[in-house]
Structure formats: structure tokens, C-alpha cells
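Comments concern the structure below.
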Amino acid sequence: MPYPAGAIANEFIKIARENHKRLSPLKLQKLVYFAHGWYLALTGKPLINEPVEAWKFGPVIPSLYHALKKYAYQSVNECMTDDDFWEPSTGGVCHELSVDDGPDQQENELAKRIVRRVWDVYGGFSATQLSNLTHDDGTPWSMTPDKDKRRNAIIDPEIIRGYFKAQADKSLAQANRDRQPVG
């Protein structure tokens, strides 16, 4: 089951707090994108419940972008709620978005493990470094037509899945080469 982008963002916010790290809106946006890509590559299913768009300056999850605008260049310091995403909350109560709200506990745990792994790999990168990674030749963003002309060119999820699957295959091949005995 795909999750709201805010629920995935909240997992990163919690991990950043645990590690006493700051998260800018741009870094959080890119981490959610990377988690979505890796989840697609590993499961064949989307992690988030909306398309990723190729905007002029990189891949963007629109609802997350709009929810994070209020931070400008400041650190994101509170978890996302349904109110941040213009979702009506029930009974006037603000609900914090959570992966644990998904109906399948096993899938919820897998989503959290992938988010944790993405943090372990990419969490030390700056927002600019993460953004630069999304702009390399051959990335889903670079392969999306019309990205320079309009803000809502949807990046084909199959291109995202294929790109991250190729990255996983390269990593696995490198790990296998590293294990080969010398001589």
C-alpha cells in the first residue's frame, strides 16, 4: 500500500531527531524521493501515493513541497500532519501522518527498514549533494521530457524503478567482485 509522502517524511524527521541532525526542506524532499525509488526497485510497488514530478530543478513530490514551504531555508522541526497536506482531519483533531497507519504491519515494517537504510546511505549528504545526485545523466529526472518547460512533468514510475534497480544491481555486482579472492 502506498503511503502519504508526509508519513515517509515523518520517518526521516524522527531518525534525524534521534541522530541530532538537521533536515532542510530540500534534503527531506530528496530523501523521500530516494526512499520511494529504492522501495520501487526492491518491491516493484510505489512507496508514496502520488506521482513524482520533474520540475526545472529536480524531482519533486508536490504535496510535500507545498507542506514544507513554510520552513523556507529553516530546519524542519515538527512532524507532518494531515492539516499540512490540506486533508480534512476527523473531528477537528490534527492527525500526525505515520507509516504505522498502513493496514499491513509487515509492509509498514519493510517501509521503515528501507527508510532507515536510505538514511544510513544518504543521510550524511547535504541537500545540495542529494540534489546533484538526482540531476546526473541517466537519472529519471534527466530522462523526463518537458522538465524545463513546465512544473508538472510526471516522472514515469517505471523509469524510477528501473534506475534504482540498476543501481542495486551495480552495488551487488561490486560487492561480489570485492568478495572474490585475490590471486
For the residue pair Leu133 and Asn152, what label-to-label distance in nm results when each label sits 7 Å from Cα along the Cα-to-beta-carbon direction? 3.0
Starting from the Cα-Cα distance between Glu78 and Lys45, subtract it from 0.36 nm times their residue separation and give me the gain in nm to one decimal. 9.1 nm
For a footprinting-style exposure proxy, rank Met1, Met80, Met143 by other Cβ within 10 Å, fewest first. Met1, Met143, Met80
Classified through the alpha carbon gyration tensor (a ≥ b ≥ c as square roots of its eigenvalues; rounded if a/c is under 1.5, else prolate when a/b is larger than b/c, else oblate), the stretch 1-89 comes out rounded
With only Lys, Arg, Asp and Glu charged, each at its Cβ (+1 for the first two, -1 for the last two), find how big the charge dipole of the stretch 1-41 is about the Cα centre; round to the nearest 20 debye. 200
Compactness relative to 2.2 N^0.38 Å, alpha carbon Rg of the stretch 5-179: 1.03
Final fewest-first order of Val121, Val115 on the 10 Å Cβ neighbour count is Val121, Val115
Past 29 Å, Cα to Cα, is the threshold; run Lys69/Lys170; Lys69/Lys165; Lys27/Lys112 against it and keep the listed order. Lys69/Lys170; Lys69/Lys165
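We did not get these values from a lab; they are worked out from the coordinates using the rules stated. These numbers were taken from a predicted model, which means no experiment stands behind them. For neighbour counting, all protein chains shown are included, and Cβ atoms are generated from backbone atoms with ideal geometry for every residue, glycine included.
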